[in-house]
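The values are calculated or read from the model by the stated rules, or taken from the named source; none is laboratory data. The structure presented is a predicted model; accordingly, all values stated were derived computationally and were not measured. Because the Cβ atoms are built from the backbone with ideal geometry, glycine has one as well, and the counts that use them run over all protein chains shown.
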Amino acid sequence: MAQAPTKRRRESREESDLIERLVSINRVAKVVKGGRRFGFAAIVVVGDGNGRVGHGSGKAREVPEAIRKATDQAKTTMVRVPLREGRTLHHDMRGRYGAGRVILRAAPAGTGVIAGGPLRAIFECLGVQDVVSKSVGSSNPHNMIKAAFDALAKTASPRLVASRRGIKVSQITGQRGSTEDSTSQESARG
């Protein structure tokens, strides 16, 4: 019985450390006999600033209730994304959802977060400090967020790739350096 309260305290502490960003709120009207009945739809992104992020949407008659529902859903759908040096992505990737397409690119230190709207909220919650992103196609926040999560799901860290191939991590990271060296040598020759 003594373990249950400590577990609850730990969970509440973890929840208080989460970063929440309200991406968009939409007012919708339903026309009924007596006039219009308004409702609200909210999209929220939640992250711990250390490689975990989730998104959710909620609908309700009141704004705070819609935000609460979206936040609860975002907390349950959190995923872990491996980051290079805790500041950027490991590699470039593309994501797609419906008509929304996004391109996420790793960036050198000091670049900052070059992203707009919903993508910026995702990267701030994720804890990414250097990234370049581009949204192509639909600018609908629902599609952009789901396309970004599609791209982030494709992220593979060198450790994961090495274990899948059955080789050492140093061989993969060494290859990254040697490919860059060979390309720079070829461009110097040409």
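General observations
- Qualifying residue in region 106-120 (condition: closer than 12 Å to Ile145 by Cα and touching a residue at least 60 places away in the same chain (Cβ under 8 Å)): yes
- A single entry from Gly56, Gly35, Gly49 fulfils the requirement of being of a type in the set (Gly, Ala, Ser), outside the structural domain of Ala156 (by TED's automatic domain parsing) and closer than 11 Å to Leu126 by Cβ: Gly49.
- Which listed residue, of Val46, Val63, is surrounded by 11 or more Cβ atoms within 10 Å (Cβ to Cβ), over 20 Å from Lys134 (Cβ atoms), at pLDDT 90 or above and in contact with an Asp or Glu (Cβ under 6 Å, 6 or more places away or on another chain): Val46
- Strands (runs of 3 or more DSSP E) fully within region 83-145 that include at least 1 residues being in the same structural domain as Ser24 (by TED's automatic domain parsing): none found.
- The residues in region 66-82 that are surrounded by fewer than 16 Cβ atoms within 10 Å (Cβ to Cβ) and out of contact with any helix residue (DSSP H, G or I) (no Cβ under 8 Å at 6 or more places or on another chain) can be counted, and the count is 5.
- Within region 69-82, the set of residues being in contact (Cβ under 8 Å) with a residue 24 or more places away in the chain and either charged (D, E, K, R) or part of a strand (DSSP E or B) (or both) comprises Lys69, Lys75, Val79, Arg80.
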